[in-house]
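The values are calculated or read from the model by the stated rules, or taken from the named source; none is laboratory data. Everything numeric here is computed off the predicted structure, so don't read it as measured data. Because the Cβ atoms are built from the backbone with ideal geometry, glycine has one as well, and the counts that use them run over all protein chains shown. Ligands, DNA and RNA are excluded from the accessible area calculation, which covers all protein heavy atoms including side chains. Shrake-Rupley method; radii C 1.70, N 1.55, O 1.52, S 1.80 Å.
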Amino acid sequence: QVQLVESGGGFVQTGGSLRLSCAASGRTFGSYRMGWFRQVPGKEREFVATISTSGGITNYADSVKGRFTISRDNAKSTGYLQMNSLKPEDTAVYYCAARAGGLYSIVPRAYDYWGQGTQVTVSS
């Protein structure tokens, strides 16, 4: 069982930056693939970024590539999403998720554990 708690969301102007954190409980954080997803009201949850168990391989949605960076610190059982050059269309609730076994996936239903979400609002 893994519990995830996001933090770091907030309100920022276009072009600004935010860093989201995802603190995980348990000692086996390093055995889980991590992902970040986002959702706006009335739309499905969409993939943002994912990182392998070791942190050596990352993948991004085209919409955030070059602006967002996913990382993790297994010693601290924490994952991160650095978001730069933010745009109004990045406004959403951001969720971190963990997938047991570590296999690659960008599909939300493939992830086993979810945080409660943190709101990111980018003003124009």
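Only residues that are of a type in the set (Ser, Thr, Tyr) and over 17 Å from Leu18 (Cβ atoms) were counted across the stretch 110-124, and they come to 2.
Among residues of the stretch 30-46 that are closer than 12 Å to Ser71 by Cα, those with a Cβ under 7 angstrom from a residue that is open to solvent by 80 Å² or more (accessible area, probe 1.4 Å) and of a type outside the set (Ser, Thr, Tyr), sequence gap 6+ or separate chain, pair up as Arg33/Leu103. When the strands (runs of 3 or more DSSP E) confined to the stretch 48-104 are screened for residues that are of a type in the set (Lys, Arg), in contact with a Ser or Thr (Cβ under 9 Å, 6 or more places away or on another chain) and at pLDDT 95 or above, none reaches at least 2 such residues.
Table: residues versus (1) under 10 Å from the mean Cα position of the chain (by Cα); (2) buried (at least 19 other Cβ atoms within 10 Å of the Cβ).
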| position | (1), (2) |
| --- | --- |
| Leu18 | no, yes |
| Gly26 | no, no |
| Phe37 | yes, yes |
| Pro41 | no, no |
| Thr50 | yes, yes |
| Ile57 | no, no |
| Arg67 | no, no |
| Ser77 | no, yes |
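Only a single item in (1) in contact with a helix residue (DSSP H, G or I) (Cβ under 7 Å, 6 or more places away or on another chain); (2) surrounded by fewer than 18 Cβ atoms within 10 Å (Cβ to Cβ) is not met by Gln119, and it is number (1). Here Glu44 meets the list (1) in a loop (DSSP other than H, G, I, E, B); (2) out of contact with any Pro (no Cβ under 9 Å at 6 or more places or on another chain) almost entirely, failing just condition (2). Of the residues Ala98, Ala92, Ala110, the single one that is in contact with a helix residue (DSSP H, G or I) (Cβ under 8 Å, 6 or more places away or on another chain) and either buried (at least 17 other Cβ atoms within 10 Å of the Cβ) or within 24 Å of Ala24 (Cβ to Cβ) (or both) is Ala98. Mind listing whichever residues of the stretch 1-16 are surrounded by 14 or more Cβ atoms within 10 Å (Cβ to Cβ), at negative phi and assigned to a loop (DSSP other than H, G, I, E, B)? Val2, Gly9, Gly16 - these are the residues of the stretch 1-16 that are surrounded by 14 or more Cβ atoms within 10 Å (Cβ to Cβ), at negative phi and assigned to a loop (DSSP other than H, G, I, E, B).
For the stretch 79-89, a residue qualifies if it is surrounded by fewer than 16 Cβ atoms within 10 Å (Cβ to Cβ) and of a type outside the set (Lys, Arg), and the qualifying residues are Gln82, Asn84, Ser85, Pro88, Glu89.
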